[in-house]
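Here is the structure we will look at, set down as structure tokens.
Nothing in this text is a laboratory measurement; each read-out follows from the coordinates by a stated rule. Since the model is a prediction, treat every value here as computed from it, not as a measurement. Cβ: placed from backbone, ideal geometry, glycine included. Neighbour counts: every protein chain shown.
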């Protein structure tokens, strides 16, 4: 998942899970109204740099009635966690308890540009993540979500159990969630596929629509 914090969509209000989707500038055409009509209720879109599609996607999600939010694709070998959290907050990643905004999400995963763990030791990676998380929490009053995979988290943080206050968004393209890393008791959102029929990746909220609304409200 790369780009702006994507949209998550709900597959059915009566279900115990809620279908969502995740988009970025790689998706040039997204059917927000179609997704909402099919039951979608939430969305995320990301920012590492200032994504030229962020405003369009965010507005489209809002107008369709989706709960939406932003994510930041981490580059821990570039600048500090605090610096990247501040950039994220200044470019659409904030949160307010209005019932339609998800807390921001830190997307921390395999390095697409080089070494898997960005050249950082497990201890240094944990310190970087903490710097981002605490800076975000100090600014908006709640912890960001963390998006990762079990393999990356185990390899690059030593399976740190320091971040269970941050809701987990777990990526695993399979028929089951699999092993939950890092001491989290469960995932809040499961990214179960890199394809969603209305655009982007498929995300599933671990709960019902009322719980999703409470989560957004804080």
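A few points about this structure:
- Semi-axes of the equivalent ellipsoid for region 87-192, Cα gyration tensor, largest first, Å: 22, 18, 13
- Alpha-carbon centroids, region 59-97 and region 116-155: separation in whole Å: 14
- For 127, 174, 188, order by how many other beta-carbon atoms lie within 10 Å, fewest first: 174, 127, 188
- Protection proxy ranking, highest mean first, for peptides 65-73, 164-172: 65-73, 164-172, where packing is the per-residue count of other beta-carbon atoms within 10 Å, averaged.
- Stretch gain in nm, segment residue 63-residue 213, where the contour uses 0.36 nm per residue and the Cα spacing is subtracted: 52.3 nm
- In this simple spin-label approximation, residue 79 and residue 176 carry label points 7 Å from Cα along the Cα→Cβ vector, and these lie 4.3 nm apart.
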